[in-house]
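The values are calculated or read from the model by the stated rules, or taken from the named source; none is laboratory data. Note that the coordinates shown come from a computational prediction; the quantities given were computed from them, not determined experimentally. Reconstructed Cβ throughout: ideal geometry from the backbone, glycine too, with neighbour counts over all protein chains shown. To get the accessible areas, we keep the full protein, side chains included, count just its heavy atoms, and leave off ligands, DNA and RNA. Shrake-Rupley method; radii C 1.70, N 1.55, O 1.52, S 1.80 Å.
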Amino acid sequence: MKSKWIFTTATVFFLLAGCSGNEEVVQEHQEKPINEQVNKDEFAYQYPLTGVGVKEESTSRAYGVMINNDPKARPQSGLHKADLVYELLAEGNVTRFLAIFQSEEAERIGPVRSARDYYIDLAKGYDALYVAHGYSPEARAMLSSGYIDNINGMQHDGTLFKRDSSRVAPHNSYITTEDILKGADDAGYNMEQAPSSLSFLSEDEVEALNGTKAHSVQVSYFSSDLFKVTYEYDEKTKKYERYSNGELTADLDSREPVLLDNILVIEADHKIIDDYGRREIDLASGGKAYLLQRGQWRELEWRNVAGRILPYDENGREVGFVPGKTWINVVPSDKGIENVVVFTEE
C-alpha cells in the first residue's frame with residue numbers, strides 16, 4: 001500500500017461466522033472495460049448506470065448478483081465489469097456485495113452467495129433480475145412471493161450455477177452472463193428493459209468539482225483488517241483502485257483491477273435480529289454520507305429514492321456522479337461514519 005494511515009479508535013469484537021445450516025443447503029460436488037470518461041456530446045445515448053456515451057440506445061435489463069466477500073472467496077470474478085456495487089454487512093461482521101451489471105457482460109461471476117432482504121430491496125430499485133445462491137428465511141419469503149424476478153442456485157445448482165473444484169463450498173458457486181440470460185429466458189422474464197438513468201455530471205461540472213483533497217480513504221468494518229477497505233486515487237487514470245486488507249481487488253481470471261469513478265460511503269442503523277447474527281439495516285431513513293470523486297471528498301446526506309441510495313447536498317439538491325463506475329459502502333451508524341472512515345491527503 002502506498003499510503004501511511006492514521007487510525008481512529010472504532011473497535012468491537014470480531015466474529016467471523018460462517019453460514020448456518022438453515023440459511024442455505026449446499027449440495028456436495030466435488031476487451032477493454034467500458035468505464036472510461038467519454039464526452040457524452042459525441043454520442044446520442046449513454047449507459048443509464050454509468051453515464052458513459054454509447055452510439056445506440058442500451059435496452060438491456062440490469063441484473064444484480066450476490067457476490068461472496070469471505071477471504072476464502074477472494075479474488076472474485078466479474079466485479080470489474082459491474083456498473084455499481086453495494087457493500088454491506090451480512091452476519092458475523094462479514095461484508096457481502098450486490099454487483100449490478102448493465103453496460104458490460106462478465107464472462108464469469110462469483111463466488112455467488114445467498115440472499116438477504118435488504119440486498120433484494122436494493123436490486124429492486126434498479127428493476128434488476130436478482131441472482132443469488134441460497135437465502136435467509138426473510139429473503140426466501142420475499143423471493144417466493146414474486147416480489148422480484150430472480151434465479152437462485154438452490155434450484156439450479158449444477159445447471160445454471162457451476163461449482164469450481166479449486167474452492168470449497170460455499171465459496172465455489174459461479175454463474176456466467178450466458179447462464180443468467182438462459183435462466184431468465186427459461187423463467188419467462190423480460191430482459192429488454194433498461195433501468196432509468198442515474199444523474200451524471202457534465203465534463204465541465206466534473207472539472208469544476210470542489211472538495212477536500214484525499215489521495216486515499218480507508219473504510220473499516222469493525223476491528224478486523226480482513227474487511228478493511230482502502231481506495232487509492234490515481235492521478236493519471238483519474239480513477240480509484242480498491243483494496244481489501246491491503247490486496248488489490250482484481251479479477252481472478254483476467255487480473256483486471258476494479259477501477260472506480262465514484263465512492264459513496266453512507267452510515268445507516270444496523271440491528272441484529274436473530275441468533276445467527278442476521279441484520280436489519282435501515283436503508284430508508286437517510287443520513288450522513290461521504291462522496292469521493294476525482295481525488296476529493298465531500299460530506300453530504302444520502303436519501304433512498306425509489307430504492308436507490310443517492311447523494312444530496314446541504315440545499316437538498318441531488319449530486320450527480322462522475323460518468324463511470326460506482327461503489328457504495330454502507331457502515332453502521334452506531335460507530336459514527338467519522339470514526340470508521342479515514343482520509344489521507346498524500
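A compact table of results
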item: Of the criteria (1) surrounded by fewer than 19 Cβ atoms within 10 Å (Cβ to Cβ); (2) over 29 Å from Asp157 (Cα atoms); (3) polar (S, T, N, Q), which one Asn262 fails; result: (1)
item: Qualifying residues in region 215-238 (those that are farther than 30 Å from Glu91 by Cβ and surrounded by fewer than 21 Cβ atoms within 10 Å (Cβ to Cβ)) - the one modelled with the lowest pLDDT; result: His215
item: Qualifying residue in region 102-114 (condition: open to solvent by 10 Å² or more (accessible area, probe 1.4 Å), small (Gly, Ala, Ser) and not in a helix (DSSP H, G or I)); result: yes
item: From Leu292, Leu300, residue being buried (at least 23 other Cβ atoms within 10 Å of the Cβ), out of contact with any helix residue (DSSP H, G or I) (no Cβ under 7 Å at 6 or more places or on another chain) and modelled with pLDDT of 95 or more; result: Leu292
item: So Asp179, is it out of contact with any strand residue (DSSP E or B) (no Cβ under 6 Å at 6 or more places or on another chain), more than 30 Å from Tyr45 (Cα to Cα) and assigned to a helix (DSSP H, G or I); result: no
item: Cross-chain or 6+ apart pairs with Cβ under 7 Å, region 170-187 first and closer than 14 Å to Asn150 by Cα, then part of a helix (DSSP H, G or I); result: Gly183/His156
item: Condition check for Val131: at pLDDT 95 or above, part of a strand (DSSP E or B) and either among the aliphatic types (A, V, I, L, M) or open to solvent by 10 Å² or more (accessible area, probe 1.4 Å) (or both); result: yes
item: Near pairs, Cβ below 8 angstrom, 6+ apart or cross-chain, from region 104-115 (at pLDDT 95 or above) to any residue that is surrounded by fewer than 24 Cβ atoms within 10 Å (Cβ to Cβ) and of a type in the set (Asp, Glu); result: Arg108/Asp253; Gly110/Asp164; Pro111/Asp164; Ser114/Glu23; Ser114/Glu24
